[in-house]
Amino acid sequence: MERIWGGRKLAELFGKNLPANRRIGESWEIVDRPEAQSMVANGALRGKTLHELWTEHHDEVFGDVRYTPRFPLLIKILDAQEKLSLQVHPSETVASKLEGEPKSEFWYVAAADPDAELFLGFREPITHNRFEESVREGTVIDHVHRIAVHAGDAVFLPGGRLHAVGAGNLLIEVQQNSDTTYRVFDWNRTDPATDKPRELHVEQALQCIDFEDLEPKLIESDCELLISHSLFEIRKWTLDSPREAAPFGDCAIVCCLTGNLSCANIDFAPGETFLVPAHLQNRQLKPLARNTTVLRVTIPKR
């Protein structure tokens, strides 16, 4: 996905085949959206879309994951060569009022420049009216909490959290299957395609923002588990020996971070993401190099 803030790290660090001379900001790795679909690459279901798997082969591929109209997660890789807009996604309670889709998300920092940072929540208490004034004055960023980040850091962003990705971040994003975003501030830049500022959505954003979200922190974990939430469970594994992706009957999503691995006789390199079907017999993740690490994502059962 071409983005005005994107770069070329998806090719440089993850070997993605990118179109020449384009600023690519997002790679949608696992997706079931009206505008984009993951496709089965090989095997008996080759050519099927993720949506077709979800609707036609649900129990076989996804096991006891609760059925919804679309696959519930969207997995992306983000390359922020420049800062993303200051924005917010609606929570479950607000989304329906605004006729949008709720979105909570998780970020894992796969790579970061030395001065990389994330913008999350607020530095100090602020009222709705004072925030709105700061948007009009162009000083809104002065009220936003900043966190320096390094490769290996992770954070959860519930719907309603004001946020922006700082320049120099390469992130793995695991999110609700949603594409609803309300921009508050876009660093006074113009879109090269139109030579005009991008549209802001301040009125909607004000209805979504959690103004009590003060100085949120990165995830602190001294074990494999990074987060266990009603939407997803995410673990970071270091593969020193073969390991089952998930118990038989459960599906899992695996993203290779470092090293190399194989699963079901297919090799995977850093930046590659794959779905392990619930009833796949050969489900071991086998490291092919030292320091092979992965994110393992599972979805709560119905």
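Suppose we keep only residues that are assigned to a strand (DSSP E or B) and over 13 Å from TRP107 (Cα atoms) within segment 122-166. Which one would you say is most open to solvent (accessible area, probe 1.4 Å)?
Of everything passing the filter in segment 122-166, ARG146 is most open to solvent (accessible area, probe 1.4 Å).
Against the condition open to solvent by 40 Å² or more (accessible area, probe 1.4 Å), of a type in the set (D, E, K, R) and touching a strand residue (DSSP E or B) at 6+ places or on another chain (Cβ under 7 Å), how does ARG46 come out, does it pass?
no
Tell me whether segment 193-212 contains one or more residues that are open to solvent by less than 40 Å² (accessible area, probe 1.4 Å), assigned to a loop (DSSP other than H, G, I, E, B) and among the aliphatic types (A, V, I, L, M).
Yes, some residue in segment 193-212 is open to solvent by less than 40 Å² (accessible area, probe 1.4 Å), assigned to a loop (DSSP other than H, G, I, E, B) and among the aliphatic types (A, V, I, L, M).
Mind checking which residues of segment 216-235 are part of a loop (DSSP other than H, G, I, E, B) and surrounded by 12 or more Cβ atoms within 10 Å (Cβ to Cβ)?
Across segment 216-235, the qualifying residues are PRO216, LEU218, ILE219, SER221, HIS229, LEU231, PHE232.
Output yes when any residue across segment 5-17 is touching a helix residue (DSSP H, G or I) at 6+ places or on another chain (Cβ under 6 Å), open to solvent by 40 Å² or more (accessible area, probe 1.4 Å), outside any strand (DSSP E or B) and under 25 Å from ILE266 (Cβ atoms), and no when none is.
Yes, segment 5-17 contains at least one residue that is touching a helix residue (DSSP H, G or I) at 6+ places or on another chain (Cβ under 6 Å), open to solvent by 40 Å² or more (accessible area, probe 1.4 Å), outside any strand (DSSP E or B) and under 25 Å from ILE266 (Cβ atoms).
For ASP186, only one of the following conditions fails: (1) of a type in the set (D, E, K, R); (2) within 22 Å of ALA116 (Cα to Cα); (3) surrounded by fewer than 20 Cβ atoms within 10 Å (Cβ to Cβ). What is its number?
Failed condition: (3).
Filter segment 82-98 down to residues that are polar (S, T, N, Q), surrounded by fewer than 19 Cβ atoms within 10 Å (Cβ to Cβ) and not in a loop (DSSP other than H, G, I, E, B), then give me how many there are.
Total satisfying the criteria: 1.
Name every residue in segment 45-81 that is among the acidic types (Asp, Glu) and in a loop (DSSP other than H, G, I, E, B), in order of residue number.
Answer for segment 45-81, where residues must be among the acidic types (Asp, Glu) and in a loop (DSSP other than H, G, I, E, B): just ASP64.
Table: residues versus (1) β-branched (Val, Ile, Thr); (2) farther than 30 Å from THR273 by Cα.
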position: PHE106; (1), (2): no, no
position: ILE126; (1), (2): yes, yes
position: ASN129; (1), (2): no, yes
position: GLU137; (1), (2): no, yes
position: HIS143; (1), (2): no, yes
position: VAL149; (1), (2): yes, no
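How many residues, within segment 256-272, are open to solvent by less than 10 Å² (accessible area, probe 1.4 Å) and under 14 Å from LEU10 (Cα atoms)?
Qualifying residue count, segment 256-272: 2.
The values are calculated or read from the model by the stated rules, or taken from the named source; none is laboratory data. Remember, it's a predicted structure, so these values are computed and weren't measured experimentally. Counting neighbours? That spans all protein chains shown, and the Cβs are built from the backbone with ideal geometry, glycine included. Surface areas here come from the heavy atoms of the whole protein model, side chains and all, with no ligands, DNA or RNA. Shrake-Rupley method; radii C 1.70, N 1.55, O 1.52, S 1.80 Å.
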